[in-house]
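As structure tokens, the structure follows; a few thoughts come after it.
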Amino acid sequence: MTTKPVTPHQEPHLERQLTNRHIQLIAIGGAIGTGLFMGSGKTISAAGPSVIFVYMIIGFMLFFVMRAMGELLLSNLNYKSFSDFAADLLGPWAGFFTGWTYWFCWVITGIADVIAIAGYSKELWPGLPLWIPGLATVAILLLLNLVTVKAFGETEFWFALIKIIAIAALIIVGMFMIFTGFQSDAGPATFTNLWSHGGMFPNEFMGFVAGFQIAVFAFVGIELVGTTAAEAKDPEKNLPRAINSIPIRVLLFYVGALIILMSVTPWTQFQAGHSPFIAMFSLAGLGAAATVVNLVVLSSAMSSANSGIYSTSRMVYGLAQEGDAPSVFRNLSTRKVPQNALFLSCVLLLSGVILMYAGQDIGKAFEMVTTVSAVCFVFVWSIILASYLAFRRRRPQLHEGSKYRMPGGVPMVWVVFAFFAFVLWALTTQPDTLLALLVTPVWFLVLGAAWLILRRRPAHLARYATFKSELAQDLDTEASAIGRDFDGALNDGVNK
């Protein structure tokens, strides 16, 4: 997905308009997804208080995926996304499979978000036809993304800020209820609720395993900051800042919020398909606040869908640049936005409306698409780690010269791979998630067939050769700089 210099005979390229505050809030928005607001009810009801450890473990493992991605992106600033370094380090097939699978991931996630938006709109405005909020969401986000990438950054900045304020408010209100001994039909609000209803693992090990199924989806989008690499100002400074703050975000937004929720109300009161955030404010007698949280949940789903439209359009644009997608998606508007790729993403998101009318249960539809999405994201995260292993093997000098190394190195990669295998096994333990897991390979079969047709086409081979040539030039420059630094250090040592 390389971006070429502009000449009179070439199309315009993407511009670096995303500032540090945009990147930071995009990263936070990616870490706080619809899965937390809408899916945590099911996760808590399945795992009980052990869900705290579920989110901590997932966040811990994905931090290393992000650090590996960060080291790779900063090793060569000609990489515009993780699809680029996959194509360079693992081969053109990896770029093709990663780019299109990531695109598919976000289309599926966007469909889930449209379903969530319709569901919560129906609670706010009973009797409202489902297609109205779905269509309105897609239209609004399309218009926002067509303006400039800075408009996307601003929109996502405010969406993420709303989510942060909502979670902070929940924690503050919840702490007040706990320390004032708030009473409800379920009993007093107290931290002892975390272990006094069957212990921390009330549903034993398999209940703990069940918590991973929907919790993984809550983290999709955490790698979104990697797709902003081509449009981020000062990526060497801003990308590490965003990635390094992931552990703090997970502890505050996931672990902190869930501890408060399950302290105010025993975990036995939570139900799948109902947002525990809305329930807690309603319980506190803050009816207006509960309505506001409903709107926050809507904005969270809008934020996720907004991220999906952005990332899918950039990924299709990049695929078209390398000949892996129709050339019509290679065109940028006068505002340096891939408008054709944006239209494609938005049209596909509308299928979420059809899916809602096809089934009677919005919760079931949400569950199905989130499982498929989670499996595909695990594939993308695994490709990032496989690329890191190839990087360590093929470019040891760049790793040695890296200022942003992945902690734990190669051994930690295998630990995360083992965790991903555990997650896939966890999805086989329930009939609903097993069905989605069995359906997902169809996507990879379609991709495989498309790759067999595409890989030998002259245009594709020529574009990939140009891509490799440009990356090689950048690597030569980087190697020369490292060599000069080494020689300088050696001469200083001799002089001393």
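The values are calculated or read from the model by the stated rules, or taken from the named source; none is laboratory data. This structure is a prediction, so every number in the text was calculated from the model and none was measured. Ligands, DNA and RNA are excluded from the accessible area calculation, which covers all protein heavy atoms including side chains. Shrake-Rupley method; radii C 1.70, N 1.55, O 1.52, S 1.80 Å.
Some observations on this one:
- Given in Å, the Rg to one decimal and the Dmax to the nearest whole number for the Cα atoms of segment 78-202 are 22.0, 61.
- Carbon-plus-sulfur accessible fraction, segment 71-184 (probe radius 1.4 Å, protein heavy atoms only): 80%.
- Residues of segment 46-150: accessible area per residue with a 1.4 Å probe, Å²: 27 Å²
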